[in-house]
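Student: I have a structure here, written as structure tokens, and I will follow up with some questions on it.
The values are calculated or read from the model by the stated rules, or taken from the named source; none is laboratory data. Note that the structure is predicted; figures quoted are calculated from it, not measured. Here the Cβ is made from the backbone with ideal geometry for all residues, glycine too, and neighbour counts use every protein chain on show.
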Amino acid sequence: MNTTTKDVIIFTDGSSRENPGPGGWAAVIVFGGREVVELGGYDKSTTNNRMELQAAISALSYLKSSPVSNLKVIIYTDSSYLINGITSWIYSWERNSWKTKNKQDVLNRDLWEELRRVSDNLEVTYDYVGGHIGVKGNERADKIATSFADLKEDKLYEGDIENYSIPDIVSGKFLKSDSVKEVSKKKKSSSKKPYGYVSMVAGDFKFYKDWNMCKAEVLGKRGAKYQKVFSKQEADLLKNQWSDV
């Protein structure tokens with residue numbers, strides 16, 4: 001690794017075949033646009049959210065072992081759970097002795113605390129990138145994570161970027177925050193038929209196939225949350241996220 005560069009771009013992803021079940025995590029670390037290090041790992045019984053967290057932890061732990069200090073790091077992830085948790089929710093959790101608003105224990109506390117620890121002395125920015133929209137770094141991280149979850153580990157690369165299979169991994173419009181958000185928004189606003197709708201009112205999470213049923217449940221309810229979803233996985237993810245706040 002070239003120890004003179006201080007700007008680092010990381011793509012992370014996590015995967016689990018059941019929730020819980022076998023899972024994998026991945027990180028693709030790009031140093032100064034010149035060198036690439038791929039990381040990946042496996043857990044025999046885990047959740048998608050834990051693998052998303054583990055990917056970020058492992059990437060930052062790798063950087064902590066670097067002789068370079070004052071690193072400026074951008075982590076690109078398709079996990080809003082990771083981003084919201086480490087940039088917002090964690091402060092409330094700590095103030096409330098690691099309890100959610102519903103007085104439940106915060107899930108994955110061990111990993112959240114470890115992520116805070118490995119972030120010390122690093123300038124880390126988290127940026128959302130929609131999954132499966134053509135962002136090469138995200139797609140590579142997804143491929144590594146799923147290969148580990150399936151116990152078919154991809155060969156991990158470490159070396160110069162010009163010899164990497166994706167030499168343009170950090171180029172293009174998808175690394176600009178506005179472009180990422182714009183593409184993600186377009187993806188969500190497509191005409192694809194929704195899987196259903198979810199709501200949470202007073203800590204009670206519900207799923208509906210019909211929008212009118214969901215609307216009737218949340219209308220006029222203080223603090224009600226609701227959202228259209230396009231898969232069971234997305235519904236399960238929102239349930240985890242909303243329960244953890």
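Conditions (1) outside the structural domain of residue 152 (by the TED database); (2) in contact with a Lys or Arg (Cβ under 9 Å, 6 or more places away or on another chain); (3) among the β-branched types (Val, Ile, Thr); (4) farther than 17 Å from residue 143 by Cβ, marked per residue:
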site: 15; (1), (2), (3), (4): no, no, no, no
site: 36; (1), (2), (3), (4): no, no, yes, no
site: 39; (1), (2), (3), (4): no, no, no, no
site: 70; (1), (2), (3), (4): no, yes, no, yes
site: 77; (1), (2), (3), (4): no, no, yes, no
site: 86; (1), (2), (3), (4): no, yes, yes, yes
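Student: Let me ask another. Can you tell me which residue among 201, 245, 183, 229 is at pLDDT below 90, in contact with a Ser or Thr (Cβ under 7 Å, 6 or more places away or on another chain) and of a type outside the set (Ser, Thr, Tyr)?
Tutor: Only one candidate passes the filter, namely 245.
Student: Tell me, please, whether a residue that is outside any helix (DSSP H, G or I) and surrounded by 21 or more Cβ atoms within 10 Å (Cβ to Cβ) can be found in region 61-70.
Tutor: No, there is no match, as no residue in region 61-70 is outside any helix (DSSP H, G or I) and surrounded by 21 or more Cβ atoms within 10 Å (Cβ to Cβ).
Student: Which residue, of 93, 112, 98, 89, is free of Cβ contacts under 8 Å to residues at least 12 places away in the same chain, of a type in the set (Phe, Trp, Tyr) and surrounded by 13 or more Cβ atoms within 10 Å (Cβ to Cβ)?
Tutor: None of the others qualify; the one that does is 98.
Student: Here's a follow-up. What's the number of the condition residue 108 fails, among (1) on the phi > 0 side of the Ramachandran plot; (2) in contact with a strand residue (DSSP E or B) (Cβ under 9 Å, 6 or more places away or on another chain)?
Tutor: Failing condition for residue 108: (2).
Student: Within region 81-100, can one find any residue that is over 13 Å from the mean Cα position of the chain (by Cα), assigned to a loop (DSSP other than H, G, I, E, B), farther than 22 Å from residue 24 by Cβ and not hydroxyl-bearing (Ser, Thr, Tyr)?
Tutor: Checked region 81-100: at least one residue is over 13 Å from the mean Cα position of the chain (by Cα), assigned to a loop (DSSP other than H, G, I, E, B), farther than 22 Å from residue 24 by Cβ and not hydroxyl-bearing (Ser, Thr, Tyr).
Student: Residue under question is residue 142, and the condition is that it be within 18 Å of residue 36 (Cα to Cα) and surrounded by 15 or more Cβ atoms within 10 Å (Cβ to Cβ); does it hold?
Tutor: The answer is yes for residue 142.
Student: Continuing with this model, one more query. In this structure, does residue 124 turn out to be outside the structural domain of residue 71 (by the TED database), of a type outside the set (Phe, Trp, Tyr) and outside any helix (DSSP H, G or I)?
Tutor: So residue 124 fails the test.
Student: Sticking with this one: Going by the conditions given, is residue 32 within 17 Å of residue 170 (Cβ to Cβ) and without any contact (Cβ under 8 Å) to a residue 60 or more places away in the chain?
Tutor: yes
Student: I need the full set of residues from region 1-43 which are over 20 Å from residue 81 (Cα atoms) and either among the basic types (Lys, Arg) or at pLDDT below 90 (or both), in order please.
Tutor: Hits for region 1-43 are 1, 2, 3, 4, 5, 6, 7, 32, 33, 34.
Student: What single numbered condition from (1) buried (at least 21 other Cβ atoms within 10 Å of the Cβ); (2) over 18 Å from residue 14 (Cβ atoms); (3) of a type in the set (Asp, Glu) fails to hold for residue 78?
Tutor: Result: residue 78 fails condition (2) only.
Residue-wise test of (1) surrounded by 24 or more Cβ atoms within 10 Å (Cβ to Cβ); (2) of a type in the set (Asp, Glu); (3) within 15 Å of the chain's Cα centre (by Cα); (4) not in a strand (DSSP E or B).
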site	(1), (2), (3), (4)
14	yes, no, yes, no
19	no, no, no, yes
22	no, no, no, no
25	yes, no, yes, no
30	no, no, no, no
37	no, no, no, no
41	no, no, no, no
50	no, no, yes, yes
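Student: Write out, first by first residue and then by second, each pair whose Cβ atoms fall under 6 Å of each other, whose residues are 6+ apart or on separate chains, and whose first residue, in region 46-64, is assigned by the TED database to the domain that holds residue 146 and within 15 Å of residue 233 (Cβ to Cβ) while the second is in a helix (DSSP H, G or I) and of a type outside the set (Phe, Trp, Tyr).
Tutor: Once the first residue is assigned by the TED database to the domain that holds residue 146 and within 15 Å of residue 233 (Cβ to Cβ) and sits in region 46-64, its partners that are in a helix (DSSP H, G or I) and of a type outside the set (Phe, Trp, Tyr) give 49/240; 52/82.
Student: Additional query: Which ones in region 202-231 are assigned to a strand (DSSP E or B) and touching a residue at least 24 places away in the same chain (Cβ under 8 Å)?
Tutor: Of everything in region 202-231, those that are assigned to a strand (DSSP E or B) and touching a residue at least 24 places away in the same chain (Cβ under 8 Å) turn out to be 205, 207, 225, 226, 227, 228, 229.
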